[in-house]
1. So if I check each of VAL179, VAL252, which one is part of a loop (DSSP other than H, G, I, E, B), under 30 Å from GLU134 (Cα atoms) and out of contact with any Lys or Arg (no Cβ under 6 Å at 6 or more places or on another chain)?
2. Taking only region 292-306 into account, find how many residues are surrounded by fewer than 19 Cβ atoms within 10 Å (Cβ to Cβ) and under 16 Å from GLU4 (Cβ atoms).
3. For VAL179, indicate whether it is surrounded by 21 or more Cβ atoms within 10 Å (Cβ to Cβ) and either away from ligand 2 (no atom under 16 Å from the Cβ) or modelled with pLDDT of 95 or more (or both).
4. Of all residues being away from ligand 1 (no atom under 16 Å from the Cβ) and not aliphatic (A, V, I, L, M) in region 72-96, which is surrounded by the fewest Cβ atoms within 10 Å (Cβ to Cβ)? Just the residue, please.
5. Before we move on, is PRO199 out of contact with any Leu (no Cβ under 6 Å at 6 or more places or on another chain), closer than 26 Å to ARG158 by Cα and more than 15 Å from ligand 1 (Cβ to nearest atom)?
6. Answer yes or no: is there a residue in region 60-70 that is away from ligand 1 (no atom under 16 Å from the Cβ), among the polar types (S, T, N, Q) and either part of a helix (DSSP H, G or I) or at positive phi (or both).
7. Among the residues of region 186-202, which ones are hydrophobic (A, V, I, L, M, F, W, C) and within 16 Å of ligand 2 (Cβ to nearest atom)?
Amino acid sequence: RRAEFAAMRDLPSVTADGQRIELMVNAGLREDAQALDLVGADGIGLFRTEFQFLVSATLPQREKQQRLYKDVLDAAGDRPVIFRTVDIGGDKALPYMQRDDDELEDNPAMGWRALRLALDRDGLMKAQARALLEASAGKILNIMFPMVSEPWEYEQARALVEHQREWLLSQRKKVPSGVRYGAMLEVPALAEVLDILLPKLDFLSIGTNDLTQFLFAADRAHPRLAERYDWLSIAILRFLDRVVRTCEAYQVPVGVCGEMGGRTLEAMALVGLGVRRLSITPASVGPVKAMIRAIDAAELQALMRGLLDDGVVDVRGALTGWANERAI
Ligand code: PEP
Ligand code: MG
């Protein structure tokens, strides 16, 4: 079906009943931006800025970061790019970042990583904020923070970026025409405080890789656990359903940027929950777009509501049956 997916490239990502589903890609390297044209995506929904840090022998200087961000924005043209601030620490340790022995962690995924580390080592965060702001001069900067666990962490990160923006203005330097702030929801606790967080946000992005790891208390990299829990488990879907409906109530756009959205049936379930933005691996754009163009979103949403309300355990089976009946 490769030819079929290739032909799909220039067709819009719209369901049979006219619902627009934004299909974006996950990226991390300069070259990844080319994939946008290749697969016909709407933008970059997750740019993992830590990749540059991980492949460097030394801490990338601000100018070097800025050059990367500008190249990515140029390649994306008028399509949006959502930059995620560094998600390092944990299992993504930097060889050049010194750690004391007493900082060694038993559970690095739940340790001093991502925004936790960035807020503590705020020199790193300030440099990155400056690089992102300067690279986006005259354009919209979409920035989001990883592993937000409590609203104050988001607020502190946002204030830090705003402070850099004000400093640039005071120096009569060019700044972005607008900054849109987002948080990643990958720590379950954050879902309980969305009423506090959402009024302060421009968008929310659900990272289902870490979220499911923390929901099931199951290491996302553990081979024995890889197949044990299903992304289509009713626990995950009910959780996501609540988050999506809360975002709708607060009129905050919500997307999913974990690997879950790159699998066709899982993506179908997400659309059935009301998710209208997916950021996925470039190779999945063709198959997922084909699915989106074939489905009736209203019918699918009614089906999902029934499955969740009735506590149907085999959602995978039910969705597969529904898709097969409609030759999707
Ligand atoms: C996630 O956790 O789902 C996510 C998108 O971020 P990463 O895979 O980089 O941790
Ligand atoms: Mg994550």
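1. Values: VAL179 fails: part of a loop (DSSP other than H, G, I, E, B).
Exactly one residue qualifies, and that residue is VAL252.
2. So the count comes out to 2.
3. Values: surrounded by 21 or more Cβ atoms within 10 Å (Cβ to Cβ): no; either away from ligand 2 (no atom under 16 Å from the Cβ) or modelled with pLDDT of 95 or more (or both): yes.
When the stated conditions are applied, VAL179 does not pass them.
4. ASP78
5. Here the answer is yes, as PRO199 does meet what is asked.
6. Within region 60-70, the subset away from ligand 1 (no atom under 16 Å from the Cβ) is 60-70.
Next cut, among the polar types (S, T, N, Q) only: 61, 65-66.
Filter once more, keeping what is either part of a helix (DSSP H, G or I) or at positive phi (or both): 65-66.
Scanning region 60-70 turns up at least one residue that is away from ligand 1 (no atom under 16 Å from the Cβ), among the polar types (S, T, N, Q) and either part of a helix (DSSP H, G or I) or at positive phi (or both).
7. The first filter runs over region 186-202 and keeps only residues hydrophobic (A, V, I, L, M, F, W, C), leaving 187, 189-191, 193-194, 196-198, 201.
VAL187, ALA189, LEU190, ALA191 - these are the residues of region 186-202 that are hydrophobic (A, V, I, L, M, F, W, C) and within 16 Å of ligand 2 (Cβ to nearest atom).
Here's the yes/no breakdown for (1) part of a loop (DSSP other than H, G, I, E, B); (2) closer than 17 Å to THR49 by Cβ; (3) of a type in the set (A, V, I, L, M, F, W, C):
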site	(1), (2), (3)
ARG130	no, yes, no
LEU133	no, yes, yes
ASN142	no, yes, no
VAL161	no, yes, yes
GLU166	no, no, no
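The values are calculated or read from the model by the stated rules, or taken from the named source; none is laboratory data. Computed from a prediction, not measured in an experiment: that's the story for all the values here. As a convention, Cβ positions derive from the backbone with ideal geometry for all residues, glycine included, and neighbour counts pool all protein chains shown.
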